[in-house]
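Working notes, beginning with the structure itself.
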Amino acid sequence: MSFETLGLSPSTFAAIQKLGFEKPTPIQQGAIPLMLEGRDVIGSAQTGTGKTAAFGLPILSKLGESTGKIRALVMVPTRELANQVELAMQDFAKGSNIRIAPIYGGVGYGQQIFNLKKGLDIVVATPGRLLDHLEKGTCKLDHLQFLVLDEADRMLDMGFLPDVRRIIQQCPKQRQTALFSATIPPEIEGLVKWAMNKPETIQIGQRRSPAETVKQFVYPVAEEQKLDLLQALLEKIDYRSVIVFCRTKHGADRISKFLKKNNHTAAVLHSNRTQREREQALKGFRDGRFELLVATDIAARGLDVPEVSHVINYDVPQHPEDYVHRIGRTGRAEAEGDALTIMVASDAQHVGAIERFIGKKIDRTKLESFNYKHTVLFDASKREELGARRRILGIRLSGGYYFGKARKKR
C-alpha cells in the first residue's frame, strides 16, 4: 500500500511527498482510511510507529480551507509532545492556509490568547492549560469536529483523566474521536465507552512488547562500578546518539557532569529544567550538537527524537511499562537499535518483573576487557546457566550422572 492509494487530499499528499514519505506504517495503513470514512478509531501501537501522521493526515485532508474556528483538538500529556505534534502538523499542512498552535502550561498566556483571538483551526494542548482557557472564556470548542487523545495512558498516569473528561463535556457530541495509546488499561476502556461512538480498534504488535528491531542486553555489575561501566560501554559501542535514562533528577544531573568530565557532549532533561532549557537540550540533541541525552522518564514517552541508535538504562525502571517506553526511543520506524541495561544486585527483582511483562528473557552479558569486581549477580548467572544445561541434557546432578559421565555414588 502507498500513500497515494489512501485517499488523502491533493494538498496533504503533496506535503508528505515533499517530506519524503514513501510507504505508510501499519498504524497509518489501518487508521487513515477509517478516519477518512468518519469512523471513531482506537490505535494501540508501540512507540515510534507514526501515530501523529495516522491522525494528522486524515484530519488535514478533511478540514479543507481555514475558517479561524477550532475544528480539531489534539490533547497530549506533556508540553514537549505538544510542541512535537504541532511541528509535525505544520509540516503536514504546508501548502494550505490551516492555522495550528500549541497550548500548554509553564509559559505565559499572552501569545496563546493572541493566537486564539486571531483564529485557529487546530489546537494541540495539554489538559490543564486548555481547561484554564475554557474556564476563562478565551477558548471555545463549539465548532469542534475532530478530537484526538494522544498518549492516553500517559495522561492517565499523570492524573489528567478528570480534566480530560471535563474538556470532552464541552465538546460537541457530534464529532469524530480518535484515541492513541501504547496500552489500554481499564480506566481508558471506561473513557472509550463514554466518549467514543462504536470505535474501530487497530492493534499493531503486542501491547507489552518492545519493537522487534530493538536488541536488548543486561549488564550485571557491582554497585560501585556503575559509572565506570557506563563510560566503558560508551567507549566500546558504535553509536550515533544515545539516551541515558536515570531514575531521579539528581542522578541525571550527576551523570551528565560525569560524562562531560569524560569528554562527552551531553544534555540533561528532567522536570526541574525550565521550558527553555528543555527545548535547547532537545534541539541540540536532535541537531547532533549533543551526542548524549541524560534524562529521567520525562523522555520515555512522547518525544520524537529520530535516529537514536542506543538507549542505556543506567537505572533499571521500577515499572515494566516504563522499560518498554524507554527502549522504544530507539528502533523507531522499523530502524534497528540497541537497549543496554546496567543491573546491580538490588535491581534483580525489577529486571525479573520486566522479563515477565514482556514475556522474554533478556540476555546477560559482560563487556570484554572491563575489570569487573565480583557481585552475587555473577553467581546467579552461573546458576541459571547450569540449570539450563541440566534441562537440556535431562540429567540430575544429585543422581549417578554428571553431564553424561558416570560417577560412583558414595
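Numbers below:
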| read-out | value |
| --- | --- |
| Amide H contacts under 5 Å for residue 103, placed H, 5+ residues apart | 124, 125, 126 |
| Using θ = phi - 60° and Karplus 6.51 cos²θ - 1.76 cosθ + 1.60, couplings along region 148-164 (whole Hz; Gly, Pro as x) | 10, 10, 9, 6, 4, 5, 5, 4, 5, 4, 8, x, 8, 4, x, 5, 4 |
| Crossing angle, helix 26-36 versus the chain [Cα axis fit, 0-90 degrees, rounded to tens] | 20 degrees |
| For region 289-298, Karplus couplings with θ = phi - 60° (6.51, -1.76, 1.60), whole Hz, Gly/Pro x | 6, 10, 7, 10, 10, 9, 9, 8, 5, 4 |
| Diffusion coefficient, µm² s⁻¹, Stokes-Einstein with Kirkwood Rh over alpha-carbon pairs of the chain at 10 °C and 1.306 mPa s | 68 µm²/s |
| Nearest-0.05 FRET efficiency for residue 65 and residue 318, computed from C-beta distance (R0 56 Å) | 0.65 |
| Per-residue HN-Hα couplings for region 102-107 [Karplus 6.51, -1.76, 1.60; θ = phi - 60°; Hz; x = Gly/Pro] | x, 9, 7, x, x, 9 |
| Under 5 Å, built H, 5+ apart or other chain: amide partners of residue 341 | 217, 218, 219, 313 |
| Among 137, 64, 331, residue whose mean-square fluctuation peaks in a GNM of the chain (springs only between Cα atoms under 10 Å) | 137 |
| Signed unit charges on C-beta, dipole axis of the chain, positive-most listed residue 53, 26, 319 | 319 |
| Using alpha-carbon coordinates, inclination of helix 249-261 to the longest axis of the chain, degrees | 70 degrees |
| Per-residue Cβ neighbour rank within 10 angstrom, fewest leading, 167, 70 | 167, 70 |
| Cα centre as origin, Lys/Arg/Asp/Glu Cβ charges: the chain dipole, Debye | 1260 debye |
| Under 5 Å, built H, 5+ apart or other chain: amide partners of residue 202 | 42, 43, 44 |
| Max mean-square fluctuation residue, GNM over the chain, Cα-Cα springs under 10 Å, options 286, 129, 240 | 240 |
| Region 169-246 versus region 1-36: alpha-carbon centroid distance in Å | 24 Å |
| Listed residues 133, 204, 10: farthest to the positive end of the dipole of region 3-204 (Cβ charges) | 133 |
| Prolate/oblate/rounded label for region 77-133 (Cα gyration tensor, a/c 1.5) | oblate |
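The numbers here are math on the coordinates, done by the rules we state, and not lab data. This is a predicted model, so every value here is computed, not measured. All Cβ positions, even for glycine, are placed from backbone atoms using ideal geometry, and neighbour counts span all protein chains on display.
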